[in-house]
């Protein structure tokens, strides 16, 4: 029997509750961290790269406790959680002199993946200062890039795990709900794209999008040990037309509902976003709809 609790794609069942209660009985004094790791091993709940999803599991356990289905072991400590409160990135000085040129004259450009490098602070700072949405820490698997002209930053890209459900995208791919849950990690989401305001180069945005797609395909496989076959992004229709995505051969799929994933009113409560997608390989739909990915 299924219960009325679903968390990050996992729907609770009576057998799950029995397993949790049995573990807490068999292991008196077990910590919540240890409990979540044991459950991940039992359920084979892992990220695509094989790492246990124990942090997600702890969230799942909290939802079950709030719903009254289980009682978790008492907390042994309350460690500081850096994800709950983050300081905004500090400003970092860069050369702001204007570059006004043609695309052919600013090449070659270097795409540097800066996640977990000394340049990550520079990326965070530039996005915080100059992107209209500011900096937001990506979720799940994520990569960050700074595009350089020699030693000068020109643009920034942030990529992260895709949204679990987007109606127009899911219809376009044609996958079932079960296949979407299994294969959603094969899509990467472009959460930030910034060309620094003093870079005045016509058609640069579409050129960067095209070159970025080529590098992301190989970098994702190398770092996360699995491929991505499709890219997506959302463009706020009240602010932008998505011209650079169209010029880079991205595909407009439709609009979001403007309700958000936790909406209970069925009424729009945020701006409408255009959904754009970009296949990285010709048979991307076949790959995304395969039952088992090797």
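The rows are residues; the columns are (1) under 23 Å from residue 165 (Cα atoms); (2) in a strand (DSSP E or B).
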position: 6; (1), (2): yes, yes
position: 12; (1), (2): yes, yes
position: 25; (1), (2): no, no
position: 30; (1), (2): no, no
position: 38; (1), (2): no, no
position: 55; (1), (2): yes, no
position: 61; (1), (2): yes, no
Next on the checklist: Considering only residues that are free of Cβ contacts under 8 Å to residues at least 40 places away in the same chain and over 26 Å from residue 99 (Cα atoms), which ones fall in the range 141-170?
Outcome noted: 142, 160, 161, 170
Checklist entry - Within the bounds of the range 109-116, is there any residue that is at pLDDT below 95, more than 24 Å from residue 204 (Cβ to Cβ) and within 28 Å of the chain's Cα centre (by Cα)? => result yes
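Results for (1) modelled with pLDDT of 90 or more; (2) closer than 17 Å to residue 30 by Cβ; (3) surrounded by 12 or more Cβ atoms within 10 Å (Cβ to Cβ), shown as yes or no for each residue.
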| position | (1), (2), (3) |
| --- | --- |
| 67 | no, no, yes |
| 75 | no, yes, no |
| 94 | yes, no, yes |
| 102 | yes, no, no |
| 121 | yes, no, yes |
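This table checks each residue for (1) in contact with a helix residue (DSSP H, G or I) (Cβ under 7 Å, 6 or more places away or on another chain); (2) at pLDDT 95 or above.
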residue	(1), (2)
194	yes, yes
202	no, yes
234	no, yes
257	no, no
265	no, no
269	no, no
285	yes, yes
294	no, no
Item to check | Condition check for residue 11: more than 28 Å from residue 120 (Cβ to Cβ) and loosely packed, with under 15 Cβ neighbours inside 10 Å | outcome: yes
Checklist outcome for this item: Of (1) more than 28 Å from residue 141 (Cα to Cα); (2) at pLDDT 90 or above, residue 37 fails just (1)
Next on the checklist: Take residue 41 and tell me if it is exposed (fewer than 13 other Cβ atoms within 10 Å of the Cβ), without any contact (Cβ under 8 Å) to a residue 12 or more places away in the chain and in contact with a strand residue (DSSP E or B) (Cβ under 8 Å, 6 or more places away or on another chain).
Outcome noted: yes
Checklist entry - Can you list the helices (runs of 4 or more DSSP H) found entirely within the range 153-265 that contain at least 2 residues being under 15 Å from the mean Cα position of the chain (by Cα) and farther than 29 Å from residue 110 by Cα? => result 177-183
Checklist outcome for this item: The residue that is farthest from residue 180 (Cα to Cα), considering only those in the range 272-284 that are outside any strand (DSSP E or B) and touching a strand residue (DSSP E or B) at 6+ places or on another chain (Cβ under 8 Å), is 272
Checklist entry - Given the residues 174, 254, 167, which is the only one that is surrounded by fewer than 20 Cβ atoms within 10 Å (Cβ to Cβ), on the phi > 0 side of the Ramachandran plot and touching a strand residue (DSSP E or B) at 6+ places or on another chain (Cβ under 9 Å)? => result 254
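For (1) under 30 Å from residue 46 (Cα atoms); (2) out of contact with any strand residue (DSSP E or B) (no Cβ under 7 Å at 6 or more places or on another chain), each residue gets a yes or a no:
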{"position": "123", "(1), (2)": "yes, no"}
{"position": "142", "(1), (2)": "yes, no"}
{"position": "145", "(1), (2)": "yes, no"}
{"position": "151", "(1), (2)": "no, yes"}
{"position": "157", "(1), (2)": "yes, no"}
{"position": "161", "(1), (2)": "yes, no"}
{"position": "178", "(1), (2)": "yes, yes"}
Next on the checklist: So, residue 138, is that one touching a strand residue (DSSP E or B) at 6+ places or on another chain (Cβ under 7 Å), in the same structural domain as residue 217 (by TED's automatic domain parsing), outside any helix (DSSP H, G or I) and surrounded by fewer than 21 Cβ atoms within 10 Å (Cβ to Cβ) or not?
Outcome noted: yes
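The values are calculated or read from the model by the stated rules, or taken from the named source; none is laboratory data. Since this is a predicted model, take the numbers as computed values, not measurements. With ideal geometry, Cβ positions are generated from the backbone for all residues, glycine too; neighbour counts draw on all protein chains shown.
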